[in-house]
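A.B. asks: My questions all concern the structure below.
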């Protein structure tokens with residue numbers, strides 16, 4: 001697998017270009033905007049874009065989805081359908097936050113916990129991780145040691161839970177019961193900021209690390 005992380009929009013949201021080196025097929029994970037730049041990155045990779053993967057319905061993560069799908073004809077997979085209300089509001093989100101390409105879209109496939117999403121010969125497990133949003137999903141391949149976690153977890157922090165239908169307790173539960181079991185050596189790509197590993201966050205993250213739970217912080 002080849003991976004390029006491309007921060008886009010003023011939110012500096014990490015869009016990931018994932019390329020299967022066996023098949024030369026590719027996916028864009030969370031194309032939040034700057035569509036021309038993202039499609040140029042795909043062209044320069046020499047790979048064939050086969051789909052768009054979406055972790056959740058916030059504009060900085062899916063503001064470019066509708067335009068890319070229209071221009072390329074590729075299908076959209078994700079998020080889980082509980083985020084439909086966010087996707088339906090994309091035009092309003094765009095007006096509020098200045099993401100001009102954002103408009104609502106209908107995923108070709110809503111995803112559920114336990115599904116898989118393929119990029120060429122690479123298979124990602126779909127893990128439903130509610131909390132930041134109710135329909136947030138994570139794409140993980142423990143064998144390759146990589147996970148795309150959107151805004152569930154960050155290096156040294158966790159996702160915000162002050163949005164409509166956010167749930168702080170659910171977010172902590174998602175991280176500890178659905179991400180930590182993937183293994184300490186798994187590197188995760190967050191929605192913003194640098195990558196880290198689950199092991200590093202278990203050891204040091206003040207919100208969801210092991211020490212926080214031993215101290216009864218939650």
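A.B. asks: Within the bounds of the range 143-153, is there any residue that is more than 27 Å from residue 109 (Cα to Cα) and assigned to a strand (DSSP E or B)?
C.D. replies: no
A.B. asks: OK, next. Using beta carbons and a limit of 7 Å, which pairs, at least six apart or on different chains, have the first residue in the range 142-153 and at positive phi and the second one at pLDDT 95 or above and surrounded by fewer than 24 Cβ atoms within 10 Å (Cβ to Cβ)?
C.D. replies: From the range 142-153, the pairs are 145/185; 145/186; 145/187.
A.B. asks: Take the residues in the range 174-202 that are in contact with a helix residue (DSSP H, G or I) (Cβ under 7 Å, 6 or more places away or on another chain) and in a helix (DSSP H, G or I), then tell me which one is farthest from residue 56 (Cα to Cα). Please lay out each step first, then the result.
C.D. replies: Looking only at the range 174-202, we keep the residues that are in contact with a helix residue (DSSP H, G or I) (Cβ under 7 Å, 6 or more places away or on another chain), and these are 179-180, 182-186, 188, 191, 198, 202.
Now narrow it down to the ones that are in a helix (DSSP H, G or I): 179-180, 182, 198, 202.
On the way: 179: 16, 180: 20, 182: 20, 198: 20, 202: 24 Å.
So, considering only residues that are in contact with a helix residue (DSSP H, G or I) (Cβ under 7 Å, 6 or more places away or on another chain) and in a helix (DSSP H, G or I), the one farthest from residue 56 (Cα to Cα) is 202.
A.B. asks: Could you check the range 73-102 and list, in sequence order, the residues that are in contact with a strand residue (DSSP E or B) (Cβ under 6 Å, 6 or more places away or on another chain) and surrounded by 17 or more Cβ atoms within 10 Å (Cβ to Cβ)?
C.D. replies: Step one: of the range 73-102, the residues in contact with a strand residue (DSSP E or B) (Cβ under 6 Å, 6 or more places away or on another chain) are 74-80.
Residues satisfying the conditions are 74, 76, 77, 78, 79, 80.
A.B. asks: Also, quick follow-up: For the range 1-42, name all the residues that are assigned to a loop (DSSP other than H, G, I, E, B), farther than 20 Å from residue 94 by Cβ and touching a helix residue (DSSP H, G or I) at 6+ places or on another chain (Cβ under 9 Å).
C.D. replies: Filtering the range 1-42 for residues assigned to a loop (DSSP other than H, G, I, E, B) gives 1, 9-12, 21-24, 30-34.
With farther than 20 Å from residue 94 by Cβ added as a condition, the list becomes 1, 21-24.
Within the range 1-42, just 24 meets the criteria.
A.B. asks: Then there's this: Being at pLDDT 95 or above, surrounded by fewer than 19 Cβ atoms within 10 Å (Cβ to Cβ) and either in contact with a strand residue (DSSP E or B) (Cβ under 7 Å, 6 or more places away or on another chain) or farther than 29 Å from residue 17 by Cα (or both): is that true of residue 197 here?
C.D. replies: On the way: at pLDDT 95 or above: yes; surrounded by fewer than 19 Cβ atoms within 10 Å (Cβ to Cβ): yes; either in contact with a strand residue (DSSP E or B) (Cβ under 7 Å, 6 or more places away or on another chain) or farther than 29 Å from residue 17 by Cα (or both): yes.
Yes, satisfied.
A.B. asks: For residue 171, all conditions in the list (1) assigned to a helix (DSSP H, G or I); (2) free of Cβ contacts under 8 Å to residues at least 12 places away in the same chain; (3) within 19 Å of the chain's Cα centre (by Cα) hold save one; what is the number of the exception?
C.D. replies: Checking residue 171 against (1) assigned to a helix (DSSP H, G or I); (2) free of Cβ contacts under 8 Å to residues at least 12 places away in the same chain; (3) within 19 Å of the chain's Cα centre (by Cα), the one that fails is (2).
A.B. asks: On the basis of being at pLDDT 95 or above and farther than 23 Å from residue 49 by Cα, does residue 125 make the cut? Step through it out loud before you land on a result.
C.D. replies: Working: at pLDDT 95 or above: yes; farther than 23 Å from residue 49 by Cα: no.
Considered against the rule, which asks whether it is at pLDDT 95 or above and farther than 23 Å from residue 49 by Cα, residue 125 comes out as no.
The values are calculated or read from the model by the stated rules, or taken from the named source; none is laboratory data. Note that the structure is a prediction, hence the values are computed from the model and not measured. Cβ: placed from backbone, ideal geometry, glycine included. Neighbour counts: every protein chain shown.
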